[in-house]
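In what follows, a single structure is set out as structure tokens and then discussed.
The values are calculated or read from the model by the stated rules, or taken from the named source; none is laboratory data. Fair warning: this is a prediction, and the values are worked out from it, not measured in the lab. Here the Cβ positions follow ideal geometry from the backbone for every residue, glycine too, while neighbour counts run over all protein chains shown.
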């Protein structure tokens with residue numbers, strides 16, 4: 001290569017994806033378009049949890065995206081994962097979001113487990129031959145997670161666990177439950193993390209919750225009645241459970257934000273097709289300036305949210321001290337913008353958007369909960385403002 | 001079982017494809033370029049054979065520098081290595097020239113047991129290269145395979161054409177071309193994608209492969225594209241309003257075209 005060729009090349013954009021990232025994105029996008037999207041409306045209607053398709057995703061490496069390769073993971077970055085989850089969500093936000101939760105479970109075992117624990121659970125989780133659930137929330141402990149009451153009492157070399165976990169994704173289907181329990185005093189310092197086998201004696205599951213959206217993944221209570229869990233199933237030391245629980249949230253927030261971007265992008269793309277075909281008052285809908293401006297705003301809002309999400313993901317990968325605040329900002333913006341864009345897309349679709357058959361209302365219903373979970377968007381504002389005030393002192 | 005798969009980068013069939021005005025060759029810059037769908041199936045079949053019988057899969061590609069993307073896709077699916085014949089003098093090479101060049105490259109590879117190709121590319125659609133390549137190598141050709149099985153030193157295919165289905169067998173080494181019915185190609189796994197960039201790709205020029213520049217390229221082509229024109233836009237169909245006689249008018253229309 002001659003010097004003149006180098007000189008004529010524009011500088012590389014810091015936002016440009018690598019060849020690997022483009023290939024990962026393409027594979028996830030094709031998988032979503034071919035294996036998820038065609039069935040998404042039916043899965044939602046029938047409340048069907050497609051474990052076979054999840055296993056297929058696992059074979060591609062989607063079960064342990066940022067888990068150590070030594071234990072069957074794919075060893076990618078959070079940034080890479082954000083690309084993957086956005087693509088998966090173009091097929092169905094609910095399936096993408098479950099895969100995100102499953103990845104958080106696998107990552108927690110990888111990050112906080114010892115070698116034996118990692119060997120025991122990770123290969124099967126990474127392949128999605130076994131599924132994971134994350135159990136933090138309780139009927140009376142949501143945003144205030146440190147108030148959790150599920151108790152684990154030491155008895156010999158086992159804990160005896162009693163309590164109820166609420167809103168648990170995958171509950172009843174999952175094989176591996178990462179459960180935050182109280183082993184000590186009240187408050188955040190008395191919490192530990194146990195990995196509990198779904199077939200344990202004394203574990204039972206509540207009825208399937210009837211929900212506004214997210215129907216393609218089961219949400220049920222998990223009830224522990226004198227469940228005996230070996231002490232060797234505890235991740236890390238006693239009392240660090242709250243730290244473990246919180247450490248998963250930054251990445252979880254990126255993923256759920258990415259799922260909102262993907263769902264909203266799919267809705268926007270469908271509405272673009274619709275306004276290109278549908279005519280009213282002698283013109284195509286897409287020729288009306290009011291609608292063109294609306295579409296421009298939708299595309300702009302998604303791109304802005306994506307840019308912030310990428311920035312936050314890069315910060316998390318770089319262990320930037322600002323990462324938590326950036327992840328909270330990105331989650332807030334991406335899930336609010338995602339819902340609003342999907343809702344506007346439904347409006348552009350008119351009466352057909354309201355019919356289940358076209359899949360638009362499903363995306364709106366699915367994305368609504370992203371503003372509530374992984375920390376409500378009010379909690380995101382709390383985190384952001386706390387950071388602001390601290391940095392101003 | 002060492003298998004060579006022929007892979008070609010083509011314009012995405014979903015994008016608008018154009019020929020360049022100057023020499024009627026494909027305008028590669030105007031469309032998204034992808035690994036030809038039929039080649040994904042050829043790669044899949046090679047990987048299945050490797051998984052069952054061992055050996056190595058080599059992706060062989062002739063194309064411009066940009067074709068590395070198609071090679072990468074084949075490697076990320078699981079091919080072990082690749083050979084990329086890339087030389088500006090190849091621009092405009094016709095089917096015969098392509099077969100000659102590929103035969104030369106195959107000659108540089110050690111112990112090839114089988115070559116698998118798609119039966120035709122989605123851009124050129126001459127459907128002739130696999131047969132020409134077999135002829136030049138002096139190997140048997142089994143074309144239009146909808147299934148393939150290996151048994152020691154022989155390969156057997158079900159050959160499907162408009163005329164019917166025949167079972168054909170040949171001694172190895174042989175050239176097999178496959179149809180779209182043969183399999184569903186796998187998605188590249190994330191690990192496969194990450195591993196692809198570490199796999200060996202040898203890039204050859206005409207000189208490296210011992211190819212006579214006079215036999216390839218536009219000037220070496222035995223056929224010449226004399227003119228080309230874009231496909232005419234689709235015309236709106238004839239609309240008939242049903243005024244109680246719709247059925248009769250449909251029959252009149254069909255019988256007018258000698259269709260009933």
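Side notes on the structure shown:
- Strands (runs of 3 or more DSSP E) contained entirely in segment A:77-196, each with at least 3 residues that are in contact with a helix residue (DSSP H, G or I) (Cβ under 9 Å, 6 or more places away or on another chain) and surrounded by 21 or more Cβ atoms within 10 Å (Cβ to Cβ): A:132-135, A:176-182
- Test: residue in segment B:166-173 that is away from chain A (no Cβ under 14 Å), farther than 24 Å from residue B:111 by Cβ and either part of a strand (DSSP E or B) or touching a strand residue (DSSP E or B) at 6+ places or on another chain (Cβ under 9 Å) (or both): yes
- Test set (1) part of a loop (DSSP other than H, G, I, E, B); (2) away from chain A (no Cβ under 14 Å); (3) surrounded by 17 or more Cβ atoms within 10 Å (Cβ to Cβ) - residue B:110 fails condition number: (3)
- The one condition from (1) within 12 Å of chain B (Cβ to nearest Cβ); (2) touching a residue at least 12 places away in the same chain (Cβ under 8 Å) that residue A:78 does not meet is (1).
- Segment A:57-75, subset more than 9 Å from every other protein chain (Cβ to nearest Cβ) and not in a helix (DSSP H, G or I), residue farthest from residue A:110 (Cα to Cα): A:63
- Counted residues, segment A:362-384 - those being closer than 21 Å to residue A:33 by Cα and in contact with a helix residue (DSSP H, G or I) (Cβ under 6 Å, 6 or more places away or on another chain): 5
- Members of segment A:25-56 that are within 12 Å of chain B (Cβ to nearest Cβ) and either out of contact with any helix residue (DSSP H, G or I) (no Cβ under 6 Å at 6 or more places or on another chain) or part of a loop (DSSP other than H, G, I, E, B) (or both): A:26, A:27, A:30, A:31, A:33, A:34, A:56
- Put simply, of B:150, B:218 the only residue that is away from every other protein chain (no Cβ under 14 Å) and more than 30 Å from residue B:92 (Cβ to Cβ) is B:150.
- For residue A:107, the conditions (1) at positive phi; (2) not assigned by TED's automatic domain parsing to the domain that holds residue A:199 are fulfilled apart from (1).
- Residues (in a helix (DSSP H, G or I) and more than 27 Å from the chain's Cα centre (by Cα)) located in segment A:276-295: A:276, A:277, A:285, A:286, A:287, A:289, A:290, A:291, A:292, A:293, A:294
- Tally of residues being closer than 20 Å to residue A:15 by Cβ and either modelled with pLDDT of 95 or more or buried (at least 23 other Cβ atoms within 10 Å of the Cβ) (or both) across segment A:290-322: 21
- Scope segment B:28-65; condition within 14 Å of chain A (Cβ to nearest Cβ) and at pLDDT below 90; matching residues: B:32, B:33, B:34, B:35, B:37
- Residues of segment B:174-185 that turn out to be surrounded by 17 or more Cβ atoms within 10 Å (Cβ to Cβ), out of contact with any strand residue (DSSP E or B) (no Cβ under 7 Å at 6 or more places or on another chain) and either within 14 Å of chain A (Cβ to nearest Cβ) or under 23 Å from residue B:110 (Cβ atoms) (or both), as a count: 1
- Of all the residues in segment B:190-215, those that are facing chain A (nearest Cβ under 8 Å) and without any contact (Cβ under 8 Å) to a residue 60 or more places away in the chain number 3.
- Conditions (1) in contact (Cβ under 8 Å) with a residue 24 or more places away in the chain; (2) surrounded by fewer than 24 Cβ atoms within 10 Å (Cβ to Cβ): number failed by residue B:117: (2)
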